[in-house]
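The values are calculated or read from the model by the stated rules, or taken from the named source; none is laboratory data. All of these numbers come straight from a predicted model, not from anything done at the bench. FYI the Cβ positions are ideal-geometry reconstructions off the backbone, even for glycines, and counts take in every protein chain you see. Heads up: the accessible areas ignore ligands, DNA and RNA and are worked out on the full protein's heavy atoms, side chains in. Shrake-Rupley method; radii C 1.70, N 1.55, O 1.52, S 1.80 Å.
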Amino acid sequence: MSQKEKLIIFDTTLRDGEQSPGASMTREEKIRIARALERMRVDVIEAGFPAASKGDFEAVQAVAQAVTESRICGLARAREQDIERAGEALRVAKQARIHTFIATSPIHMEKKLQMSPDQVVEQAVWAVKYARQFCDDVEFSPEDAGRSEPDFLCRIIEAVIAAGATTINIPDTVGYNVPQQFGALIADLRERVPNSDKAVWSVHCHNDLGLAVANSLAAVQAGARQVECTINGLGERAGNASLEEVVMAVRTRQDIFSCDTGINTQEIVPTSRLVSNITGFAVQPNKAIVGANAFAHESGIHQDGVLKHRETYEIMRAEDVGWFTNRMVLGKHSGRNAFRTRLQELGVSFDSEEQLNEAFVRFKDLADKKHEIFDEDLQALVTEANIALENERVKLVYLNVCSQTGETPVARVILSVDGVERESEAAGSGPVDAAFKAIESIVASDAELLLYSVNNITTGTDALGEVTVRLDRGGRIVNGQGSDTDIVIASAKAYVNAVNKILQGAGRTHPQAADV
Ligand code: KIV
Ligand code: ZN
């Protein structure tokens, strides 16, 4: 990276990514992802929208406390209460940023904000000045910049830089732009805004036309030095630019980019898996960089070529993005110290000895069933330990499922609900269906099952199965996870976990619902 300029990687998986319907995360889940991003050396982590709810506020605060190497950012509309909440949540951060925004396109100003352009400029300048009272690092975004008038963008950007904005982020909020045009917009703005050299230029592209990464890269070639992106391209609607694609494009094509990131690319695949497991959003097999087939060669001609000389068909090395780092770490005879040390190396720490003990008991149980314990197994165990200690009202005590050829499967379940044991039995079209019906007949959540997915965490038939269940009750969508070497038990744990989240649930406000 010697003479190259730095390209700042701003990850918004925990904020824009969380805006994907069904991707909402608990505070503990956000902390785990934030730690993985920190290990990957992401420069800025947008941890959430503190004014949305008490839960969002606490999650941003907890991430700000847990992460010290990356800068932690909180989103705020250009309004007093949002900026105050962001400032308050970030007070504990070692390095903080407030990101404030207001819409600037004619359609948003007229139809959504019902404000004149003059009022929008005034509000933006006020918001940036107010945010600077809480934090020296303030980012400003003219929302829907991709459909805004360039002359108006020049005017508002000049004014907010003068007011103290240190980063100017140009969002293509609705994913409308195409690369050549978007690159030209960035070049034009940088040239025409008189004080453009006083701020870092950033871009935030959505993927509605599948162009988010291409638009971001065009902007980088036009001088943008921060890209906002998410793991696996998660995000509102069709998602945001994918972090792994932006980072690897810039790294692989150093012949054409005059900048590079500081990302530790070997953390990409483990982080992608973590995000996929926590959100329940599976990664498509042919997804660039992190898809299961991204480095698989099926055709004989390709296989032959790769065997003769890898670079005939590969432009990147799988190991450089974290494939095959899966190694046996612990076994049946490993002690508590080895367990704690390996988790520390993975960036996982425990809030209390009780949490460590809980996870260690699960580890010993697993080691009895499975000889080789991999890093992924340890991550799943910690998820379980975290899940188990989150004020859960419902606990799975016992599950028995009878499934045989020619017979209808029947499940018998005992749950502890607020400390009282309750039992039920139900038949179903399969063992998982029967287990869910038995659980539902006790908890009566009345939720609709939106998604059920099973993934094996490592290879082999003794692998832990990780199940994600997505439930919708009255528009509130939650994901539950469970893991076990028995996938019916993992499924029941996931269902119970989702029900607990519904029972704890607090509503969220969408940051772009109304800007002022
Ligand atoms: O897409 C968008 O415009 C956003 C802003 C809040 C930056 O997410
Ligand atoms: Zn966005």
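I'd like the projected area of region 115-237, averaged over all directions, using the convex hull of its alpha carbons. Report it in nm² with one decimal. Numbers along the way, then the final one.
On the way: hull surface 29.8 nm².
The directionally averaged projection comes out at 7.5 nm².
You can think of it this way: the chain between GLU69 and LEU451 has 134.0 nm of extra reach, that is 0.36 nm per residue less the Cα-Cα gap.
Computed over region 58-153, the alpha-carbon pair-distance distribution with 5 angstrom bins reads 3, 15, 23, 20, 15, 12, 8, 5, 0, each value a whole percent.
Rounded to the nearest 500 deg cm²/dmol, what is the calculated helix-only ellipticity per residue at 222 nm for the chain, with -39500 (n - 2.57) per DSSP H run of length n ≥ 4?
Working: 15 runs with 194 residues, N = 516.
Helix contribution divided over all residues of the chain: -12000 deg cm²/dmol.
Heavy atoms of the protein chains alone define the surface here; on that basis the chain has 42 Å² accessible area per residue at 1.4 Å probe size. Estimate the FRET efficiency between LYS111 and ARG342 by the formula 1/(1 + (r/R0)^6), using the beta-carbon distance for r and 45 Å for R0, to the nearest 0.05. The formula returns an efficiency of 0.25 here. Only Cα pairs under 8 Å and 6+ residues apart enter the sum, and on that basis the relative contact order of the chain stands at 13 percent.
Taking label positions 7 Å along the Cα-Cβ direction at both ALA292 and GLN3, the computed distance is 4.6 nm, reported to one decimal. Placing a label point 7 Å from the Cα of THR252 along the Cα-to-Cβ direction, the residues of region 299-323 whose backbone N falls under 13 Å from that point are 311-321. Seen against the Cα atoms of the chain and their longest principal axis, helix 80-89 is set at about 50 degrees. Once the C-beta distance of ASN264 and LYS54 is scaled by a Förster radius of 41 Å, the resulting FRET efficiency is 0.75 to the nearest 0.05. Scanning residues 5 or more positions from ILE72 or on other chains, those with amide H under 5 Å from its amide H are ILE45, GLN95, ALA96, ARG97, with H placed 1.01 Å from N in the peptide plane. Between ARG317 and GLU191, the distance separating the two model label sites (each 7 Å from Cα on the Cα→Cβ line) works out to 4.1 nm. Based only on Cα atoms, what mean projected area does the convex hull of region 5-279 have, in nm²? Mean shadow area of the hull around the Cα atoms is 12.6 nm².
Cα convex hull of region 229-371: mean projected area in nm², to one decimal? Write down the numbers at each step before the final one.
Numbers: hull surface 48.9 nm².
With every direction weighted equally, the projected area is 12.2 nm².
Using only the Cα atoms of region 390-503, each taken as one equal point scatterer with no solvent, compute I(q) by the Debye sum, divide by I(0), and report log10 of the ratio at q = 0.11, 0.13, 0.19, 0.21 Å⁻¹. Calculated log10 I(q)/I(0) at the listed q: -0.33, -0.46, -0.97, -1.16.
Per the 1.4 Å probe, what fraction of the accessible area of the chain, in percent, lies on carbon and sulfur atoms? Roughly 48 percent, rounded to a whole number.
Return the Rg/Rh ratio of the chain with Cα-based radii and a Kirkwood Rh.
Numbers: Rg = 24.1 Å, Rh = 24.3 Å.
Using Cα coordinates only, the ratio equals 1.00.
Taking every DSSP beta bridge with both residues inside the chain, roughly what % is antiparallel (nearest 5)?
The antiparallel proportion sits near 50 percent.
The LYS94 and LEU307 beta-carbon pair, evaluated with R₀ = 45 Å, returns a calculated FRET efficiency of approximately 0.40. What you get for the chain, charging only the Cβ of Lys and Arg (+1) and of Asp and Glu (-1), is a dipole of about 500 debye around the Cα centre.
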